[in-house]
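The values are calculated or read from the model by the stated rules, or taken from the named source; none is laboratory data. Every value quoted in this text rests on a predicted model; they were computed, and no experiment measured them. Note that each Cβ is placed from the backbone with ideal geometry, even for glycine, and that neighbours are counted across all protein chains shown.
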Amino acid sequence: MDDLSNYDEVCHEFQGRKISFYRILKEGENYRGPQFRSMHHSLYIILDNGVECIVERNNPEFDKKLKFFKPTRSGPLSHYGYISFEVSPQTIAKRLVAADERSGYIRPKKDDASEMMAWAFHEHQGRYRLLEDNCQDFVRKVQNELGCNYTHSTSEVPSGEYKLRNAKWQGPLFGGDGTDACGDHWAWIEPNADYENNGKERWHIERQEDGTYKLRNGKRKGPLFCGDGHDGTDHWAWVEPNPEYENQGKERWRIELQEDGTYKLFNVKWGGPLFCGDGTDASGDHWAWVEPTPKYENKGKERWHLQRLN
């Protein structure tokens with residue numbers, strides 16, 4: 001395996017996984033310093049299990065001393081670019097925030113992560129030309145191979161106060177009174193579309209620096225999040241009372257506009273959408289869940305009308 005790439009170390013992350021979304025990142029000064037005037041291009045990949053990765057072509061080491069036994073890999077005449085895979089959540093988060101430009105979320109047509117990342121590595125490792133084979137060309141070619149010559153319908157949601165009404169059951173998402181042993185509140189959907197209850201049904205949606213969103217409950221103040229607990233497949237949704245709660249993306253959501261004007265809310269940690277289940281409590285309120293499958297569709301249970309209140 002090529003000693004300039006970490007593909008062999010990370011390829012197991014892609015086995016059996018699907019690519020849920022990707023974004024194109026453009027990084028200038030924050031990537032290589034002010035002397036680099038052109039933008040570095042890379043792909044930010046989100047897998048169906050919530051694992052994130054930045055895949056990119058790195059330029060040859062022009063500024064390093066020429067190596068006698070590896071003349072193409074370093075020095076001013078080098079033409080050996082290499083493919084790297086960044087999988088550190090901390091590093092990825094910093095790069096997302098610092099990026100000069102970030103595209104919307106793009107859903108691939110070819111989503112086999114193992115196949116696509118193997119192709120990206122084997123097809124492009126060890127190659128570099130200033131024209132037609134640099135980091136920008138790498139991103140373009142990988143995007144073409146993914147079959148993503150379109151951007152899935154996205155629209156930035158302005159920060160503000162909202163009600164989220166379920167497309168299937170019509171009523172709003174709200175933070176209930178009941179809690180678990182940790183003090184987290186159950187998230188529910190009220191079947192009455194006109195339900196009002198001291199701010200429990202209101203949410204302050206706030207866009208984060210990485211392009212994801214937090215939804216803080218008007219009554220409880222803390223964010224909507226997706227817990228670890230599940231019924232065998234689907235995860236329960238909760239409201240955390242601590243407004244500053246952060247936990248590996250459980251409290252962050254990607255909000256994606258659909259063609260019918262509704263929205264889907266995808267949990268960053270678990271990958272799949274927030275939805276309203278069939279099951280109810282004695283009052284007729286439906287439990288809120290997160291389905292781990294990003295492509296989940298079920299008669300509007302996974303779609304939401306966002307009504308801005310301010």
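Residues in region 263-291 that are buried (at least 19 other Cβ atoms within 10 Å of the Cβ) and not in a strand (DSSP E or B): V268, K269, W270, G271, G272, D285, E291.
Filtering region 178-214 to residues that are outside any loop (DSSP other than H, G, I, E, B) and touching a residue at least 40 places away in the same chain (Cβ under 8 Å) leaves H185, W186, A187, W188, I189, W203, H204, I205, E206, R207, Y213.
With respect to the stated conditions, R95 is surrounded by 18 or more Cβ atoms within 10 Å (Cβ to Cβ) and over 19 Å from Q143 (Cα atoms).
For the residues E209, E196, E190, the requirement of being surrounded by fewer than 19 Cβ atoms within 10 Å (Cβ to Cβ) and under 25 Å from G261 (Cβ atoms) singles out E196.
Regarding region 179-189, can at least one residue be identified that is of a type in the set (D, E, K, R) and closer than 23 Å to G50 by Cβ? Yes, the conditions are met somewhere in region 179-189. Across region 115-125, the number of residues qualifying as surrounded by fewer than 16 Cβ atoms within 10 Å (Cβ to Cβ) and either modelled with pLDDT under 75 or within 29 Å of L265 (Cβ to Cβ) (or both) comes to 1. Out of everything in region 144-159 that is modelled with pLDDT of 75 or more and buried (at least 17 other Cβ atoms within 10 Å of the Cβ), what residue ends up being nearest to K264 (Cα to Cα)? Per the stated criteria, the residue is V157.
Against the test of being basic (K, R), within 15 Å of F174 (Cα to Cα) and either in the same structural domain as G171 (by TED's automatic domain parsing) or modelled with pLDDT of 90 or more (or both), the options R303, R216 yield a single qualifying residue, R216.
Between a residue in region 102-113 that is outside any loop (DSSP other than H, G, I, E, B) and any residue that is β-branched (V, I, T), which pairs come within a Cβ distance under 7 Å, given they are 6 or more apart or on different chains? From region 102-113, the pairs are I106/T151; A113/I19.
The set of residues in region 224-262 being under 18 Å from the mean Cα position of the chain (by Cα) and either part of a loop (DSSP other than H, G, I, E, B) or among the basic types (K, R) (or both) consists of E246, N247, Q248, G249, K250, E251, R252, R254, Q258.
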